[in-house]
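Derivation of every value follows stated rules applied to the coordinates shown; laboratory data play no part. This is a predicted model, so every value here is computed, not measured. Every residue, glycine among them, receives a Cβ derived from its backbone with ideal geometry; neighbour counts consider all protein chains shown.
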Amino acid sequence: MTHFHYQQGELFAEGVRASEIARQFGTPCYVYSRAALEQSLAAYQQALADVPHLICYAVKANSSLAVLDILARQGAGFDIVSIGELERVVAAGGDPAKTVFSGVGKTAAEMARALELGIHCFNLESAAELEVLNRVAAERGVVAPVSVRVNPDVDARTHPYISTGLKENKFGVTMEEALRVYRRAAELPHVAVRGLDCHIGSQLTELTPFIDALRRLLTLVDQLASEGISIEHLDLGGGLGVRYRDEEPPSIASYVAAIRAELGERQVQLVLEPGRSIAANAGLLLTTVEYTKPTPAHNFALVDAGMNDMIRPALYQAWLDIQPIEARTEVQPRTWDIVGPVCETADFLGKGRELAIADGDVLALFGAGAYGFTMSSNYNSRPRAAEVIVDGEQLHLARRRETLEDLLRGEQRLPDKG
Ligand SMILES: Cc1ncc(COP(=O)(O)O)c(C=O)c1O
Ligand SMILES: N[C@@H](CCCC[NH3+])C(=O)O
C-alpha cells in the first residue's frame, strides 16, 4: 500500500484525511509519512544487511528535525554539507560517528566542529582542502579521517544542474589528481586515509553510470593498494532516482545488488548517501486554490504555495503530480497552469494539467518530500510553510508555519541621525 492513497475520491496520508491536515495546520503545508521514510531506509538496510555498510542519509534532501529523528532511531547515519546540517543531526539524536562530511567549500571552523564531534569521515574535494584539514586537526592535536571525492567523469544522464560527476563540474578531483592527494595525505601526520568517495549526480534512472563510476573507482583502489595506501570504505554517494511521473528507476534492492555484484569479494565497508530515494515520495505539499483566472492564453489556478515553497519546477523544469485532495464530480475538467503568488513568471508548480478544480480546493503536490522545504526561501517576504509528520492516525507538527515576526527577526532599522 502506498502511504498516500485515495479512498472514495478522498486523499489520505497514512490513516489521516489530507483535508483534516489542511484544516488543522493550514496551507501551504508539507506532509511527510513516517512509514514511507522508514520503509525506504529499511530497503537499503535489508539489501546490505549481511555486509559491512553505513547508510548516510543526505540531510540536504529533507533536514526537518523530525525526519532526521525518525531516520536516526532506525539506525541511519548522515551525509552533511555544512555545520548547520551537522548541528541538526546532533539535535535530532543522530550519531556524529556515523556521519560523513561532503561539500566543496568546508571552512576551517566547520572542520574544527566536525572534529570535535568525532565524525566518521571527511570527503575531501580538493588538494587545498587537505592542507587546511591537516592544519586544523594539528591545532586540535587529533587525526582526521579522510576520503577523497573523485570526479570519475561519467555522464549521469540527468538534468545538467544536478549532474556532478563530469569533469566540467566543480565537484571532486580527477582520478590523476586523486592519486596525488592520497599520496600527500599518506605523508601528513594529522590525517588518516580511510576511504574513497564519489557522487555523480542526482535523479539517476539507470544503473550504468553508477557501475561505470564504480569500475573507475576500483581501479584507483587497486592502484592505491599497490602503493601501500589501503581503503577501508567505499562511499558511492547518493543519486538513485525516483518516479515522479513515468520514470522507471531501478528499485533500491536492484541498485544495491548491482553495486554488490561489481564489488564481488572485496572487503570494504560500503557507504551510501541516499537522499531523494528516501524522502521524495514520503512527502507531499498541500496548497489551496485562491483564485481561478481563465485568460485567452491559459487557465491559471493561483495557489497559496509559490516557488519560494517549492522551487524544483522553476529551477529544473521538474514535473510533480498535482491532484485535488477531494474529487469533484460537478466541475468540468479543464487544462490549468498551477501558479503561485510570487512576482516571477517562473513561479509555477505545474503547467497544462487537466483537472476538475474550483476556488478554495486544496491540491496535493506529490513527490515533494525531498528538495522541497529545504530549498524554500522567504522570497517576497513570504513566511515558510508548516511541516507535519503523519504516523498512522497521528499527526505531529514538525515545524510550525513561520510568523510575520519570524520574518523580521534579527533585522534592525538604522539609528536616528543625531
Ligand atoms: C555529496 C552528495 N551526496 C549525496 C547526495 C544525495 O543525492 P540524492 O538525493 O540524489 O540521493 C547529494 C546530492 O545530490 C550529494 O551532493
Ligand atoms: N536539489 C536537486 C538535487 C540536487 C542535489 C544536490 N547534490 C533537486 O531538487 O533535484
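Worth a mention:
- Percentage of interatomic Cα-Cα distances in the chain larger than 31 Å: 43 percent
- The C-alpha atoms of the chain define a longest principal axis, and helix 175-187 lies at about 60 degrees to it.
- Net charge in the neighbourhood of Arg399 (other residues with Cβ under 9 Å of its Cβ; Lys, Arg +1, Asp, Glu -1) is +1.
- The chain: angle of helix 252-263 to the longest principal axis, Cα-based, in degrees nearest 10: 20 degrees
- The ranking of Ser126, Ser202, Ser251, Ser102 from fewest to most other beta carbons within 10 Å of each one's beta carbon is Ser251, Ser126, Ser202, Ser102.
- Filtered trypsin sites (Lys or Arg not before Pro), region 345-409: DSSP coil and at most 16 other beta carbons within 10 Å: Arg400, Arg401, Arg409
- For the chain, the longest principal axis of the C-alpha atoms and the axis of helix 108-117 are separated by about 80°.
- Of all beta bridges that DSSP places with both ends in region 249-361, some 75 percent have antiparallel geometry.
- Charge-dipole axis of region 34-278 as Lys and Arg at +1 and Asp and Glu at -1 on Cβ define it, positive-most pick from Asn169, Leu68, Pro145: Leu68
- Rounded to the nearest whole Hz, the Karplus-based 3J(HN,Hα) values (6.51 cos²θ - 1.76 cosθ + 1.60, θ = phi - 60°) of region 315-332 follow the sequence 7, 10, 6, 6, 9, 10, 5, 10, 9, x, 7, 10, 5, 10, 9, 8, 9, 6, with x at glycine and proline.
- Where trypsin sites (Lys or Arg not before Pro) fall in DSSP loop in region 159-239, at most 15 other Cβ within 10 Å: Lys167, Lys170
- Under 5 Å from the amide H of Ala58 lie the amide H atoms of Asp79, Gly275, each residue being 5 or more positions distant or on a separate chain, with H modelled from the backbone and absent for Pro and chain starts.
- Tensor-based shape of region 66-158 (alpha-carbon gyration tensor, a/c under 1.5 rounded, otherwise prolate or oblate): oblate
- For region 65-174: relative contact order, % (alpha-carbon pairs under 8 angstrom, 6 or more apart): 20 percent
- Extended-chain gain in nm, criterion 0.36 nm per residue less alpha-carbon gap, His159 and Ala138: 3.5 nm
- Restriction of the GluC sites (Glu not before Pro) in region 308-353 to DSSP coil positions whose beta-carbon has at most 15 other beta-carbons within 10 angstrom yields Glu330, Glu344.
- All other residues whose Cβ lies under 12 angstrom from that of Ile211 are scored, Lys and Arg at +1 and Asp and Glu at -1, for a net of 0.
- Residues Glu125, Glu405, Glu273, Glu265, sorted so that the one with the fewest Cβ neighbours within 10 Å comes first: Glu265, Glu405, Glu125, Glu273
- For region 34-278: relative contact order, % (alpha-carbon pairs under 8 angstrom, 6 or more apart): 20 percent
- Net charge in the neighbourhood of Thr345 (other residues with Cβ under 13 Å of its Cβ; Lys, Arg +1, Asp, Glu -1) is -2.
- Principal axis extents of the C-alpha atoms in region 1-94 (largest first, rounded to whole Å): 46, 32, 17.
- Normalised by the number of residues in the chain, the average gap of Cα pairs under 8 Å and 6 or more apart makes the relative contact order 19 percent.
- 3J(HN,Hα) along region 220-231: 5, 4, 5, 4, 5, 4, 5, 9, x, 9, 9, 10 Hz, from the Karplus curve 6.51 cos²θ - 1.76 cosθ + 1.60 with θ = phi - 60°, whole Hz, x for Gly and Pro.
- Equivalent ellipsoid of region 34-278: semi-axes from √(5λ) of the C-alpha gyration tensor, largest first, are 26, 22, 16 Å.
- Taking His298, His3 and counting other C-beta atoms within 10 Å, the order from fewest to most: His298, His3
- Under Karplus coefficients 6.51, -1.76 and 1.60, residue-wise ³J(HN,Hα) of region 264-280 in Hz, glycine/proline x: x, 8, 4, 8, 9, 7, 9, 10, 10, 10, x, x, 4, 5, 8, 9, 4
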